[in-house]
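Data first, discussion second: the structure below is written as structure tokens.
The values are calculated or read from the model by the stated rules, or taken from the named source; none is laboratory data. Small disclaimer: the values here were computed from a predicted structure and weren't measured. No Cβ is skipped: glycine too gets one built from the backbone with ideal geometry, and neighbour counts run over all protein chains shown. Accessible surface is based on the protein model in full, side chains and every heavy atom, while ligands, DNA and RNA are left aside. Shrake-Rupley method; radii C 1.70, N 1.55, O 1.52, S 1.80 Å.
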Amino acid sequence: MILAVDTSLGTAVAVIDADGRTVAEASTPDPLGHAEVIGDLLAEVARPGITHVIAGMGPGPFTGLRIGIAAARTFALGRGIPVIPIPSHFAIAQAAGIQDRFAVVTDARRREIAVSVFDGADADGIPHLVLPTRLEKRGAELAEPVHEVAELSASALALVGARAIAAGRTLADAEPLYLRSPDVVQPGAPKRVSA
């Protein structure tokens, strides 16, 4: 069984079995408050026999992504099982089931959108990414038909993860997919004050 955790949009968790069927799923669409709900959602779906944890790696806001990834890693560490990083847009493409070229679009805030272009699925049944994720201004003209969502299916994320595991493929590295730097920066040196 595979647990998936994603906080790129709202907060979503799910467990699928070896046949890819959803065993348990819980989510909240609230794009804030991930830290307040993630523990309860994990407790709601956790089952014995989980063998892998899929972490949604974004794109998404800095703090939100870090909370979900930390929760996935902590759960996996506590059970001694591996964490598999998967870009969150793959779950949206998987759930859409579109066989032609199309753009997955999610809100990136600041009047921008995150865009990933897919073209059906590959031989492993994994959505085929043809143009990597990028930021665009909201309202920008895109060449592909747009599939925009405000929520993500953790079951679809788990299914992509299961297919990647079965095929021995790595779809993301261990670093979250941030499309811009965090708002918070290290303060500079203190100003000198003359006497």
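Anything in region 1-27 that is of a type in the set (S, T, Y) and open to solvent by less than 40 Å² (accessible area, probe 1.4 Å)? List them, or say none.
Result: T7, S8, T11.
Restricting attention to region 70-98, the residues that are modelled with pLDDT of 95 or more and under 27 Å from D119 (Cα atoms) add up to 14. The condition (being within 14 Å of A156 (Cα to Cα), without any contact (Cβ under 8 Å) to a residue 12 or more places away in the chain and out of contact with any strand residue (DSSP E or B) (no Cβ under 6 Å at 6 or more places or on another chain)) is satisfied by just one residue among G97, G125, G78: G97. Can you confirm whether V130 is open to solvent by 30 Å² or more (accessible area, probe 1.4 Å), farther than 19 Å from A12 by Cα and not charged (D, E, K, R)? Yes.
Filtering region 27-59 to residues that are part of a strand (DSSP E or B) and free of Cβ contacts under 8 Å to residues at least 24 places away in the same chain leaves only T28. Just one of the listed residues (K191, K137) is open to solvent by 70 Å² or more (accessible area, probe 1.4 Å) and at pLDDT below 95, and it is K191. Selection of region 37-68 for residues being surrounded by fewer than 23 Cβ atoms within 10 Å (Cβ to Cβ) and closer than 19 Å to T170 by Cα yields T51, H52. Of all residues in region 141-151, those being more than 17 Å from the chain's Cα centre (by Cα) and open to solvent by 40 Å² or more (accessible area, probe 1.4 Å) number 4. Within region 152-173, the residues that satisfy the criterion of being touching a Pro at 6+ places or on another chain (Cβ under 8 Å) and buried (at least 18 other Cβ atoms within 10 Å of the Cβ) are V160, L171, A172. Among the residues of region 69-91, the ones that are more than 17 Å from L135 (Cα to Cα), crowded, with 17+ Cβ neighbours inside 10 Å and hydrophobic (A, V, I, L, M, F, W, C) come to 9 in all.
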